[in-house]
Structure formats: C-alpha cells, structure tokens
Amino acid sequence: FHALGAPRAQGERSVEEDAGDHTPRSYKAMVLLFLNGGADTFHMLVPRACSLYEEYRTVRKGAAFQQDQLLSISAPGQKCENFGLHPKLPFLAELYEKHKQAALVSNVGALVEPLTRAQLKAGAPHCVGMFSHSDQQAAAQTLKCQTPGNAPKGAGGRVADALTLQGYRTKSFSIAGISTWSEGRETRSEVLGLGGPVKLHHAERLRNMTKQRFGNHFVEEYARAFEEATSSSKAMAELLDGLQLKTKYLAKTPLEKQLRQVALLIAGRHARKAERDFFFVQLPGFDTHQALELRFGNLMAQLDAALSGFVAELKAQNIFESTVLATASDFGRTLTVNSGKGSDHGWGGNHIVIGGDIRGGQVFNDFPDTFAPGNAYDAGRGRVIPKYPWESFMVPIAEWLELKKPEDVFPNLGRFNRSTHIISRAQLFSS
C-alpha cells in the first residue's frame, strides 16, 4: 500500500471548472425499467383468436386466460395477427393500439449466439449460470452473459461511455440503488433515492478532508471520488428543489416515485445542460413461484399506473418524443404451471418499448410459432429458448441515441445476423 506513495496531504486539489457557456445539442433519454425477479411475460402478452391460443391454453393449464379476459391488440406481420395484453394494462393497450407510441418485443433473452434445442444439447456456447437470479440479472444488464459477474460493466454505462467520447454531455442515474446497467468504465452512475439525492450532514467538514491532494494513489482516488460524490449530491439536491412538474403527478407506489424522480431530472435538463441521459428504475416482486395470477396482476396494475403518470408528464413537458423506456428482466418463466399455481425460472420472454418517436402498434420479432413440448426452441420444462438476444432492441435504441459504432459497445453483436436478429433503427423509430 505505502509503495504507491505516502498518505500525506500535499495541498488542495485544483477545482475543475464546468463549461458554463456550453450550449447543449438536442436532448435524448433512455429509461430501463427492470422487472426484478424474472417476469412471466407470456402471462402479459398472449396469442389470441388463432390456433396458437389453443396450444397456449393447454400448456398454461391452471393459469391460462380466457380470450375475452384479455385486452385485444393487433399484431400486423405476426402469424397470429391478434394478441391480448394482460387485463391490468389498459393504459399500455391504448398507448399501443390508439396512439402507436408503444411496441412489444417478443421472444428475447440472454444469448451468446443464436441457439436451438439441438445446439444447446450439443454444447453450443451459452450463458453462464442459467436460471440463476444473480447471474441472469448480470446477463441482462451487461449483455455479455458468457462472462460471470459485473466485470463487463453495464450496457447503459458502456453506451454512455461511447457517447461521451463522441462529444455528448452524458449522465447516468439509478433511482433504484446501485445498478450494474448504469455503470460504465468511465461513466459513474449517480444514485438517487425516492426523495432525491442524499443530503450529507457536515458536508463542509468532510470537504476539508476530501479537497486535499494526497501522495498515495489509493488515498487520492478515494478522496477525489468522495469529493465528486458530495459535490454532485449537493448540486443535484439544489437543482431538484427548484424544479416543478407540469402535471399533478401523484406518486403513491415505489415505481411511481422512481419515475417521478426521472421526470424531475428530465425537467432539469436545461439547467444541467444535458444532452444524453440514462435512467435505471426497478419494479421488484416478479419471482412468482406461487399465486401467479394474483401477484402478477397486482404488479401489472402498478406498472400500468406508473407508466400512465410518467407519459402524461413527459407529454406535458413536450419531451416524450425524445425519451424511450424499455423493460428487461432476469429471465422469462416456464410456460408450465407448478403445484403452487406459479411458474418457475425460465428463459425467453416479451418486453415493452414506449416513446413518442416509436413506430408503435407492432409486435417486433417472430413470436414463438408453437408451444408444443420438444419443439426447436424448447429447453425443457416449458422454458422457451429465445430466438432473439437482448441486443435485438437495445442496439436500435443505442443507435437512436446516436451511437455510431454499436459493435464496439455490444460484445456479442457480431455473432448475430443484423438483418435477422437485430431490429433496425428505422424499423423501431420514426426519426
């Protein structure tokens, strides 16, 4: 430790001046809404009014919806052209069907490369720690699932790193504690609570220590990082205290409170001179081994209400066209229902993308064409092997944010056919 320098103060550290005359370019933001626990998204998006519904009803015996219970949505281009959304998602259904500002991305999950049942049995490359919460949360947030842990850093943080190098003023925030997705190699995530930044008592006394330069590299890095965190927290608290939202934004549930904080930060974009923002929020509770129908229904109701308030505020700010929100989760769940009337850890699933610039009203990617046991994408026990990787919709979102070289940020992108497995920016976005 001492070989890297004596831990003695060597005077005050010089203050880095912010470019006060910087004129921001156009603003864009991405929000990742993580459905923590492994969301049973085949209970969210259901084939309807086609032969596949009968297979669904058979395999989901004990938890299958009747067709008239679902919120009907069209799905042009799919083999089954009519689907149903969970009945607790009326706002999302309207945003999808009427306003065309929501889309569904089907049949996605963690993949190293394209994979079938036969290839999996033959030992083809696949993710480490399959069906494990910790491993698959890391997989969904790093998008390098063949590497265990969080060493690859988060996909959101890496995109932020690259955009910073392209000259954009970029910030990353987590409103749900420390998150892997938000952290890059250079981008440091700012963690905010439901009430905003944590205000430290006796901050000036602490700064008397942290503003000093130290000869020891470890001590210097710790002091510099702590100084940066306390200064940023103070500045952010002062900014948020002076902001007002455009709507009467009622926030009762934890997810509503998280998205309200995101809306406040977006409202402060001009004061922050922001150009690109990344936000991580989370809805926990999706590990539905028991009582799937009741628990999942309650979670869908929370999700729908939170999205409704958030979208209304962003539209009032005239910034919805510059914001995209996408969901992700540890994994999907088994199609089969267990003895506790729940579902177990699975693999592939379906997810939501909303935004004012979305080419909505579509289900992207091929929805599974069969639920029959033993099919080419059946991993056993009703686990769906995803046909498409998370990158399928994360890459076009990154390109919409103006990322120039996605292959430098998404390490597995070269293993997939861009025209077959990855949605293009032009397909997902209007601009």
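What ranking do 393-404, 348-359, 47-58 get when scored by the average of other Cβ atoms within 10 Å per residue, highest first? Walk me through the numbers before you get to the answer.
Numbers: 393-404: 22.2, 348-359: 23.8, 47-58: 17.8.
Sorting 393-404, 348-359, 47-58 by mean packing, highest first, produces 348-359, 393-404, 47-58.
Could you please state how large a percent of the accessible area of the chain is carbon and sulfur, counting protein chains only and using a 1.4 Å probe?
Details: 9690 of 18730 Å².
Answer for the chain: carbon and sulfur cover 52 percent of the accessible area.
From the gyration tensor of the Cα coordinates in the stretch 343-388, what semi-axes in whole Å does the equivalent ellipsoid have, largest first, with each one equal to sqrt(5λ)? Can you show the working numbers first?
Details: eigenvalues 138, 29, 10 Å².
Taking √(5λ) for each eigenvalue gives 26, 12, 7 Å, largest first.
Kindly report the accessible area of the stretch 16-138 per residue (heavy atoms of protein chains, probe 1.4 Å, no ligands, DNA or RNA), in Å².
Ligands and nucleic acids excluded, the figure is 43 Å² per residue.
If I take the Cα coordinates of the chain and project them onto the principal axes, what are the three extents in Å, biggest first?
Sorted largest first, the three principal extents are 74, 51, 41 Å.
Any of LYS79/LYS100; LYS61/LYS88; LYS100/LYS387; LYS153/LYS252 with alpha carbons more than 27 Å apart? Name them for me. Before the final figure, lay out the partial values.
On the way: LYS79/LYS100 20 Å; LYS61/LYS88 20 Å; LYS100/LYS387 25 Å; LYS153/LYS252 32 Å.
The answer is LYS153/LYS252.
Go ahead and run the numbers for FRET between SER51 and ALA235, Cβ-Cβ distance against an R0 of 51 Å, rounding to 0.05. The partial results should precede the final answer.
Details: r = 59 Å, r/R0 = 1.15.
That pair, SER51 with ALA235, gives E of 0.30.
I'd like to know how the stretch 308-431 sits against the 2.2 N^0.38 Å rule of thumb: what's its Cα Rg over that expected value? Let's see the in-between values first.
On the way: Rg = 16.9 Å, N = 124, 2.2 N^0.38 = 13.7 Å.
Ratio of Cα Rg to 2.2 N^0.38 Å: 1.23.
With the chain treated as a Gaussian network of Cα nodes joined by springs under 10 Å, which of SER392, SER179, SER339 yields the largest mean-square fluctuation?
Result: SER339 has the largest fluctuation of those listed.
Over the alpha carbons of the stretch 103-205, what is the largest minus smallest coordinate on each principal axis, giving the biggest first in Å?
62, 32, 31
Return the FRET efficiency for the residue pair ALA124, ALA301: r is the Cβ-Cβ distance, R0 is 30 Å, and the value is rounded to the nearest 0.05.
0.15
Using the basic label-point model (7 angstrom from Cα toward the beta carbon), what is the LYS405 to LEU250 distance in nanometres?
5.1 nm
What list of ³J(HN,Hα) values in whole Hz, one per residue of the stretch 126-132 in order, does the Karplus curve 6.51 cos²θ - 1.76 cosθ + 1.60 (θ = phi - 60°) give from phi, with Gly and Pro shown as x?
8, 5, 7, x, 4, 6, 9
Per 10 Å bin, what percent of the C-alpha pairs of the stretch 8-125 does each bin hold, from zero upward?
9, 27, 25, 14, 9, 9, 5, 1
Once you've got the GNM for the chain with C-alpha springs shorter than 10 Å, pick whichever of GLY380, GLY84, GLY342 has the biggest mean-square fluctuation.
Per the Cα network of the chain with a 10 Å cutoff, GLY380 tops the list.
The values are calculated or read from the model by the stated rules, or taken from the named source; none is laboratory data. From a predicted model like this one, the values you see are computed outputs, not experimental measurements. A quick note on method: Cβ atoms are made from the backbone with ideal geometry, for glycine too, and the neighbour counts reach across all protein chains shown. Surface areas here come from the heavy atoms of the whole protein model, side chains and all, with no ligands, DNA or RNA. Shrake-Rupley method; radii C 1.70, N 1.55, O 1.52, S 1.80 Å.
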